[in-house]
Amino acid sequence: MLTPATGVDVLSRRRRPAAPFAPSRTGRRPRPTTARERRAMAWAYARAAGRSDEMVTAVLLAITVVVAAAVVALAPHLGGRLVARELVLCAAAAAYFGLTWGALRTGAGRRATALRWLGATVEPAIVTVALWIVAHTNGAAWAAAAPAWALYAVVMAANVLRMDPRLCVYGGAVAVLGHLAVYFGAVAPGLTAADVARVPPLGAWGAWAGALWLSLVAAALAVATERMRRLAITGGSEVWRRQRLEAELSRFVSPDVAQAILRGDAVAGAAERREVTVLFCDLRDFTGLCERWAPEDVVALLNEFYEEACRLIRNHGGTVNKFLGDGLLALFGAPDEHPNHAQAAAEAAHEIVYAVDSLRERGGVWAHLDVGIGLDSGHVVCGAVGAQSRLEYTAIGSVVNRAARLQGLSKRANRRIVLSRDCVDRLGPRANVVALGEVPLKGFDDPVAVYAFRYS
């Protein structure tokens with residue numbers, strides 16, 4: 001099986017040239033200030049509003065298509081001239097909505113803002129033109145009874161999705177002016193006294209009542225939009241704070257443990273039994289390294305080694321459980337289960353070794369860098385251990401202790417990766433290992449069968 005990062009067959013250990021060592025990111029992550037948080041929320045809100053604009057335009061385009069289809073279906077009852085004029089208007093509206101949608105997809109900043117205000121102006125105007133065409137083509141009575149008046153409410157409601165209460169007020173004002181302009185400019189001149197006497201709402205007071213109704217709807221929509229906007233900003237701010245907190249926690253514990261802490265699952269005594277592979281890694285001759293080189297150089301070496309080792313462990317589904325001075329303890333199979341935890345740990349171990357080789361080629365303080373790794377598989381108890389005021393997620397069991405002893409044995413055995421029989425059994429028959437015999441380990445009554453990869 002070839003690993004993608006290094007081109008190494010973990011089971012047969014046929015080594016190919018290692019990939020170049022990726023430069024790691026150094027320094028602390030910038031802590032966002034309150035002003036930065038506000039800018040982030042404003043950007044997120046603007047992005048959400050832009051997506052809402054696209055959705056509004058797409059919905060109005062669909063409504064235009066439906067209206068055009070309805071006009072065609074009702075053509076025998078509407079008359080040829082009205083159908084032709086309404087279809088021309090629908091085609092123009094569809095072209096406008098299509099172009100606006102395309103512009104919103106590629107536009108940002110001032111262009112998107114201008115398109116929002118343009119939409120709040122043009123959309124009620126389209127309804128006004130449609131009613132004017134009906135009044136001049138089929139008469140005032142037709143226009144007064146046309147269902148197109150309800151489209152004013154539809155285009156006003158569309159402004160809610162633009163998440164700007166000012167657009168709701170402005171769009172409502174344009175709709176009210178259009179409503180009054182159609183009535184007094186096209187409908188009222190064609191009505192007779194008999195029409196008004198027969199249907200009183202056709203009179204001027206009915207037009208003013210409709211204008212008042214549209215104004216109240218616009219005000220209600222503006223209030224609802226402002227409320228929705230505040231909830232969106234508050235919710236987005238909470239999500240952003242949670243993500244920032246999770247990112248900060250992940251610098252001290254693994255991402256999985258950080259999520260458990262934020263969920264409130266990290267409770268003292270909450271433990272579970274898991275089958276895992278433990279990887280215990282330690283830098284060799286670190287004390288001598290500290291004596292020969294300046295502390296700043298040693299800290300830089302240690303940080304970069306940890307950065308790369310953690311990245312490789314995460315890439316293979318492992319969790320860095322803790323740092324131990326010049327070493328680290330990683331778990332494969334906890335807190336999240338891993339179906340091939342032994343294979344993943346072996347691949348991560350070999351890639352760490354090859355990364356160290358790449359670092360050593362730099363010379364200087366890096367020339368003395370070397371590593372020893374111990375691997376063991378078995379059952380451990382994982383969970384939050386400690387007092388309620390201070391908890392630590394850890395794994396407890398003989399597997400952890402044995403992996404640490406195997407790592408200590410690696411230098412005496414002149415091997416960089418040493419593993420137990422349990423780990424070899426889980427790797428399967430293709431594991432290209434060599435037996436080092438049964439070795440007594442401190443803290444264990446019986447000798448332990450020890451193995452190493454042939455090319456480690």
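The values are calculated or read from the model by the stated rules, or taken from the named source; none is laboratory data. Keep in mind it's a predicted model, so treat the numbers as computed, not measured. Backbone-built Cβ (ideal geometry, glycine too); neighbour counts: all protein chains shown.
Residues in the stretch 404-442 that are within 19 Å of L279 (Cβ to Cβ) and among the small types (G, A, S): A404, G408, S410, A413, S420, G428, A431. Tallying residues that are without any contact (Cβ under 8 Å) to a residue 60 or more places away in the chain and not in a loop (DSSP other than H, G, I, E, B) within the stretch 328-364 yields 5. The numbered conditions (1) without any contact (Cβ under 8 Å) to a residue 12 or more places away in the chain; (2) assigned to a loop (DSSP other than H, G, I, E, B) are all true for A367 except (2). Residues in the stretch 331-367 that are in contact with a Phe, Trp or Tyr (Cβ under 8 Å, 6 or more places away or on another chain) and farther than 11 Å from H316 by Cα were compared, and the one that is surrounded by the most Cβ atoms within 10 Å (Cβ to Cβ) is H350. Being on the phi > 0 side of the Ramachandran plot and in contact (Cβ under 8 Å) with a residue 40 or more places away in the chain is the filter here; which residues of the stretch 281-324 pass it? Passing the criteria: only D285.
Would you pick out the residues in the stretch 425-454 that are buried (at least 16 other Cβ atoms within 10 Å of the Cβ), more than 18 Å from R405 (Cα to Cα) and not charged (D, E, K, R)? Selection gives L427, A431, V433.
Of everything listed in (1) out of contact with any strand residue (DSSP E or B) (no Cβ under 6 Å at 6 or more places or on another chain); (2) closer than 13 Å to F280 by Cβ; (3) at pLDDT 90 or above, the single unmet condition for G408 is (3). With respect to T106, determine if the residue is under 42 Å from the mean Cα position of the chain (by Cα), of a type in the set (S, T, Y), surrounded by fewer than 16 Cβ atoms within 10 Å (Cβ to Cβ) and more than 25 Å from L221 (Cβ to Cβ). For T106, the condition - under 42 Å from the mean Cα position of the chain (by Cα), of a type in the set (S, T, Y), surrounded by fewer than 16 Cβ atoms within 10 Å (Cβ to Cβ) and more than 25 Å from L221 (Cβ to Cβ) - is met. Residues in the stretch 381-403 that are over 13 Å from L279 (Cα atoms) and either part of a strand (DSSP E or B) or not assigned by TED's automatic domain parsing to the domain that holds A349 (or both): 13 in all.
Of everything in the stretch 372-421 that is of a type in the set (D, E, K, R) and touching a helix residue (DSSP H, G or I) at 6+ places or on another chain (Cβ under 8 Å), the residue that is surrounded by the most Cβ atoms within 10 Å (Cβ to Cβ) is D376.
Within the set V169, V127, V182, the sole residue that is within 50 Å of the chain's Cα centre (by Cα), within 17 Å of A93 (Cα to Cα), surrounded by 14 or more Cβ atoms within 10 Å (Cβ to Cβ) and of a type in the set (V, I, T) turns out to be V127.
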